[in-house]
Amino acid sequence: MRNLSIFYLFLFCILAGCKTDDDEGSRYQVTRLNEKPEINAVWDKDPWNGIKSIQLTHYMGEKPEHFPFTEAKIAYDNLAIYVIFRVKDKYVKAVHSEHQDPVYTDSCVEFFFSPGENSSQGYFNLEMNCGGTMLFHHQTAPRTNQTPISEQDIEQVEVAHSLPTIVDPEIQEETTWCVEYRIPFSVLGSYRDFPIPESGTIWRSNMYKCADATSHPHWLTWAPIDLPGPDFHQPDFFGFLEFQK
């Protein structure tokens, strides 16, 4: 009888749209900054020290043999959004050094986001390898009307990385690396209209770690994606960024 009651409770939650553990795990409070951090790819510093991190614990495809511990933090002010990643990794490689190259084949972290409560107007994907080279696009739907962010706009994104631009041959031993960047809202506003976030604003987002062309490929996600194989362009599975005071 107890098991039957649990079953009916579970069924009720599904029908009523109750939050699941994954729903709770895919919500992140974005801290408002009082001062701009130095963009230098140093994880342990203020104001990041007082901000909770996102951890990428889900994966696509088969569970990878190499599952690097990957975490990120996000913050904002009136002018920009700030992102920092830290990866405790092995088999690290970066061969692409020109922006808009296929950096996802290198050791790479990715920030996909829609500046609004849904992705009906499209989303941005900023993919950055461990050497700080980025692929940065906006698209109205997955792989539809893709617009590369211009070189002039990319130059306005302040970037720091702890490893050299080129990492080749692959680093086999344990290596911790960071990338950090500041994206001005003015850059994003060149590609779609959206209100500057304030307390209570909701964006949709997912964070990824991949390394397609390394010796130990893997596809990790923050918000879970319920598909059998790797495909990060899934805005329907984006989590929620909740902007705070």
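Within segment 218-234, how many residues turn out to be in contact with a Phe, Trp or Tyr (Cβ under 9 Å, 6 or more places away or on another chain) and more than 16 Å from Glu127 (Cα to Cα)?
Matching residues across segment 218-234 total 6.
For Pro228, work out the one condition from (1) surrounded by fewer than 19 Cβ atoms within 10 Å (Cβ to Cβ); (2) modelled with pLDDT of 95 or more; (3) not β-branched (Val, Ile, Thr) it doesn't fulfil.
Condition not satisfied by Pro228: (2).
Counting only residues that are in contact with a Ser or Thr (Cβ under 7 Å, 6 or more places away or on another chain) and among the hydroxyl-bearing types (Ser, Thr, Tyr), how many does segment 60-112 have?
The number of residues fulfilling the criteria is 3.
Looking only at residues in segment 78-107 that are under 14 Å from Asp168 (Cβ atoms) and not in a loop (DSSP other than H, G, I, E, B), which one is nearest to the chain's Cα centre (by Cα)?
Among those residues, the one meeting the criterion is Val103.
Only one of these is in a loop (DSSP other than H, G, I, E, B) and either without any contact (Cβ under 8 Å) to a residue 60 or more places away in the chain or surrounded by fewer than 18 Cβ atoms within 10 Å (Cβ to Cβ) (or both): Ser199, Ser186. Name it. Break it down into steps so the answer makes sense when it comes.
Values: Ser186 fails: in a loop (DSSP other than H, G, I, E, B).
Just one listed residue meets the conditions, Ser199.
Taking into account only those residues within segment 110-128 that are part of a loop (DSSP other than H, G, I, E, B) and among the small types (Gly, Ala, Ser), which is nearest to Gln139 (Cα to Cα)?
In this case the residue turns out to be Gly122.
Any idea which residue in segment 215-224 is farthest from the chain's Cα centre (by Cα), counting only those that are crowded, with 21+ Cβ neighbours inside 10 Å and part of a loop (DSSP other than H, G, I, E, B)?
His218
Restricting attention to segment 139-158, report how many residues are buried (at least 18 other Cβ atoms within 10 Å of the Cβ) and touching a Gly at 6+ places or on another chain (Cβ under 6 Å).
Summing the residues that are buried (at least 18 other Cβ atoms within 10 Å of the Cβ) and touching a Gly at 6+ places or on another chain (Cβ under 6 Å) in segment 139-158 gives 1.
Just checking, does segment 79-90 include any residue being more than 23 Å from Arg204 (Cα to Cα), buried (at least 20 other Cβ atoms within 10 Å of the Cβ) and among the aromatic types (Phe, Trp, Tyr)?
no
Quickly run through segment 159-174 and pick out the residues that are in contact with a Gly (Cβ under 9 Å, 6 or more places away or on another chain) and part of a strand (DSSP E or B).
Val159, Ala160, His161, Val167 - these are the residues of segment 159-174 that are in contact with a Gly (Cβ under 9 Å, 6 or more places away or on another chain) and part of a strand (DSSP E or B).
Mind listing whichever residues of segment 66-77 are in a strand (DSSP E or B) and within 21 Å of Trp177 (Cα to Cα)?
Phe69, Thr70, Glu71, Ala72, Lys73, Ile74, Ala75
With the requirement that a residue be in contact with a helix residue (DSSP H, G or I) (Cβ under 9 Å, 6 or more places away or on another chain), hydrophobic (A, V, I, L, M, F, W, C) and either free of Cβ contacts under 8 Å to residues at least 40 places away in the same chain or farther than 24 Å from Gly239 by Cβ (or both), what does segment 80-117 give you?
Ala94, Val95
The values are calculated or read from the model by the stated rules, or taken from the named source; none is laboratory data. These numbers were taken from a predicted model, which means no experiment stands behind them. Every residue, glycine as well, gets a Cβ built from its backbone with ideal geometry; the counts of neighbours run over all protein chains shown.
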